[in-house]
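Student: What follows is a single structure, and I will ask about it in a moment.
The values are calculated or read from the model by the stated rules, or taken from the named source; none is laboratory data. It should be emphasised that the depicted structure is a prediction, and the values quoted were computed from it without experimental measurement. Cβ placement follows ideal geometry from the backbone for every residue including glycine, while neighbour counts extend to all protein chains displayed. The protein model used for the area step is the full one, side chains on, heavy atoms only, and it has no ligands, DNA or RNA in it. Shrake-Rupley method; radii C 1.70, N 1.55, O 1.52, S 1.80 Å.
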Amino acid sequence: MNRNMLFAAFLTPAFLYLSACSGDAAGAGSPAENAAGKEERQDRADQYEMHDEDDDHQAPDHVELSPAETKAAGIVVGKAALGRISGDLELPAEIRFDADRIARVSPKVEGVVARLYAGEGDTIGPGATLALLTSRELAGLKADFLNAVTTERLAKAELDREERLFQQKITAKADVQSARAAFAAANAQREAAENRLHAVGIGHEVLDRLDGAKDGALSQAYVTSPIAGKIIRRTVSLGETVSAGGEPMFVVIDDSVVWADIAVYKDDLGKVDAGLAVSLRRETGESLAEGTIATVLPIIDETSRTATARVIVDNADHRLKPGQFLTAHIETGGSETSVRVPSGAIVEVEGRQSVFVPTDDGFKPTEVMAGGSANGFTQVLSGLEAGDALVTDGAFTLKAQLEKDAFGDDHAH
């Protein structure tokens, strides 16, 4: 019995091996069956490849986005507009006072400051009184004028008397001629004294009242402003002695109109001329003022090698401050008006220059022909008309989403 069990142990693996080989043979089947199975597997592969090709031809041609998703993605829709792509210039500019609107007020006679009526920071009108001086020089000039007026009156009275006597044949003609000469001399002296007073700022309204002036009034000299504006400097104090031709007592400026002096590089001089439109902008791009070039000064600075183009700017709101530096955007007018869009709105989609236009459920690319570019804008030669809606900001985001959808990734809905 033990031998039988040992024999069985040896035979069992052999039976198992033969059984496995028999199963493989059964699975292989006949040659015809094998050919049929191979053909079926090839058909399945061909169908899979055709399915892939269909998927390639059905690649998405637009990006679906809801209004909320559009806003969240930072997509901005604008319109194509007419404009010029002319290589406009952007040059540095400095705001300066209008030289015709600065008054450096000095006394016209020597005197002592007796009273001050205005100080730094005050806004004044034209002809405003700034200070009162007491002046011995002015008192002498007024006294000379009064003496000359009196002499002229006496000479006129003498001439009138001599002419009446001559008509009555009581006096000789020589006496009349002598009286006329005396009157002419007195008249000349009075006019000279009057002109000296005019030269120091004394007008007829003061001269006409000199005969009845109060004691001490002859020495009073008022300092007035010739323009309206704001006092930015006062250099005197009460009791101080001032003299004609000395340091200005007051500096008054009117900044309701200012100059914008633009530094024009030598290579750009041929593009800049009077009459060109200018926009004065901050570094952020914010426009502070608009104007036109009034003149281009015919001098090139030896140090900076730049010329100066000047814009006279209305500054009634006082936004521009003298000494402020800005960027002057000059429209040189070098090209015709055409359709233009922000340069960032044009992207390359499948090898073609395109812009994204809004659809009912999102955005789709539209092929355009782009022209020249300058200052952030690109000319559109075809594919868009003025007024057509397009994505002005966010075109690269839409392009990326479109490419993502083309590879079968999940896309926004």
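Student: Considering the stretch 252-286 alone, what residues qualify as being of a type outside the set (V, I, T) and free of Cβ contacts under 8 Å to residues at least 12 places away in the same chain?
Tutor: Listed by number, the residues that qualify are D267, G270, G285, E286.
Student: Can you pull out the residues in the stretch 226-241 that are closer than 24 Å to F97 by Cβ and open to solvent by less than 70 Å² (accessible area, probe 1.4 Å)?
Tutor: Of everything in the stretch 226-241, those that are closer than 24 Å to F97 by Cβ and open to solvent by less than 70 Å² (accessible area, probe 1.4 Å) turn out to be I227, A228, G229, I231, T235, V236.
Student: Further, regarding this structure: Filter the stretch 189-225 down to residues that are free of Cβ contacts under 8 Å to residues at least 24 places away in the same chain and either surrounded by 15 or more Cβ atoms within 10 Å (Cβ to Cβ) or in contact with a strand residue (DSSP E or B) (Cβ under 6 Å, 6 or more places away or on another chain) (or both), then give me how many there are.
Tutor: Of the residues in the stretch 189-225, 1 are free of Cβ contacts under 8 Å to residues at least 24 places away in the same chain and either surrounded by 15 or more Cβ atoms within 10 Å (Cβ to Cβ) or in contact with a strand residue (DSSP E or B) (Cβ under 6 Å, 6 or more places away or on another chain) (or both).
Student: How many of the residues making up the stretch 257-314 are open to solvent by less than 90 Å² (accessible area, probe 1.4 Å), outside any strand (DSSP E or B) and of a type in the set (A, V, I, L, M)?
Tutor: Of the residues in that region, 6 qualify.
Student: Take the conditions part of a loop (DSSP other than H, G, I, E, B), over 20 Å from S279 (Cβ atoms) and either out of contact with any strand residue (DSSP E or B) (no Cβ under 6 Å at 6 or more places or on another chain) or not aliphatic (A, V, I, L, M) (or both) and apply them to P322. Does it pass?
Tutor: It is false that P322 is part of a loop (DSSP other than H, G, I, E, B), over 20 Å from S279 (Cβ atoms) and either out of contact with any strand residue (DSSP E or B) (no Cβ under 6 Å at 6 or more places or on another chain) or not aliphatic (A, V, I, L, M) (or both).
Student: Something else now. If you take the residues in the stretch 151-166 that are open to solvent by 70 Å² or more (accessible area, probe 1.4 Å) and at pLDDT 90 or above, which one is farthest from the chain's Cα centre (by Cα)?
Tutor: R164
Student: Kindly provide the set of residues from the stretch 357-385 that are in contact with a strand residue (DSSP E or B) (Cβ under 9 Å, 6 or more places away or on another chain) and free of Cβ contacts under 8 Å to residues at least 60 places away in the same chain, ordered by number.
Tutor: Of everything in the stretch 357-385, those that are in contact with a strand residue (DSSP E or B) (Cβ under 9 Å, 6 or more places away or on another chain) and free of Cβ contacts under 8 Å to residues at least 60 places away in the same chain turn out to be V357, T366, E367, V368, M369, A370, G376, L381, S382, G383.
Student: Looking at the stretch 118-129, I want the residues that are farther than 15 Å from V236 by Cβ and have a partner that is of a type in the set (S, T, Y) and surrounded by 12 or more Cβ atoms within 10 Å (Cβ to Cβ) with Cβ atoms under 7 Å, at least 6 apart or on another chain. Which pairs are those?
Tutor: Partner pairs satisfying both residue conditions: I124/S225; P126/S225; G127/T224; G127/S225; A128/T224; A128/S225.
Student: Determine if the stretch 174-181 includes at least one residue that is exposed (fewer than 12 other Cβ atoms within 10 Å of the Cβ) and among the charged types (D, E, K, R).
Tutor: Scanning the stretch 174-181 turns up no residue that is exposed (fewer than 12 other Cβ atoms within 10 Å of the Cβ) and among the charged types (D, E, K, R).
Student: Report, ordered by the first and then the second residue, all pairs with beta carbons closer than 6 Å, sequence separation of six or more or different chains, a first member in the stretch 86-107 that is within 16 Å of A228 (Cβ to Cβ), and a second member that is open to solvent by 50 Å² or more (accessible area, probe 1.4 Å).
Tutor: A103/P226
Student: Looking at the stretch 188-231, which of its residues are among the hydroxyl-bearing types (S, T, Y) and assigned to a helix (DSSP H, G or I)?
Tutor: Result: S219, single match.
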